[in-house]
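Chemist: Mind having a look at this structure? Questions to follow.
What follows is calculated from the coordinates using simple rules that are stated; it is not laboratory data. What you are looking at is a predicted structure, and each value in this text was computed from that prediction instead of being measured. Note: ideal-geometry Cβ built from the backbone for every residue, glycine included; neighbour counts use all protein chains shown.
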Amino acid sequence: MREFFRGWRRKVGCVSLVMACAVMGMWARSFAKIDQLRVSAFSVMSIRGTVGVIRSTHPLPGSQPTYSTFPVSEILNSQPDENGNYPDWWGGMDVNQRWDLAGFHFGQRIDPDQQSIIQLGFPHWSLASPLTLLSAYLILWKPRRQVL
């Protein structure tokens, strides 16, 4: 076993595999719970298979980061349609600029209190897939023998 972890490639490969498993866990959890981390004017949330990064023009009062979690049904009050699809990612918000493609989202909107909000969303698989491929490469790759 000690021989397996010799060198930096296998160690980094195992760390990236653990990170990929954590992202997959977040992905599965995001369909039942909304997790949100807020720091000043920034917020990162995991919701329905998407990681959202939100920046507002007015920072929250206080400088302490806050973490909160809510059931998806309690916050969004939406059910899937007959095809199993949920409503639009923007949830009926008045969006000034908007771009949606293959699970990636970008948009800007103005709240009723004239607060400008920029939202960026990307699917969990866009994080988990590269981490999994990187870990497979680093763990399974065998160095070539040098010919002198």
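Chemist: Compute the FRET efficiency between ALA22 and PHE42 as 1/(1 + (r/R0)^6), taking r as their Cβ-Cβ distance and R0 = 30 Å, and round to the nearest 0.05.
Modeler: 0.90
Chemist: Same structure again: With each pseudo-label sitting 7 Å past Cα toward Cβ, what's the VAL12-PHE31 distance in nm, one decimal?
Modeler: Label-label distance for VAL12 and PHE31, simple model: 3.4 nm.
Chemist: Continuing with the same structure: Of the listed peptides 103-109, 67-73, 117-123, what is their order by residue-averaged count of other C-beta atoms within 10 Å, with the highest listed first?
Modeler: 117-123, 103-109, 67-73
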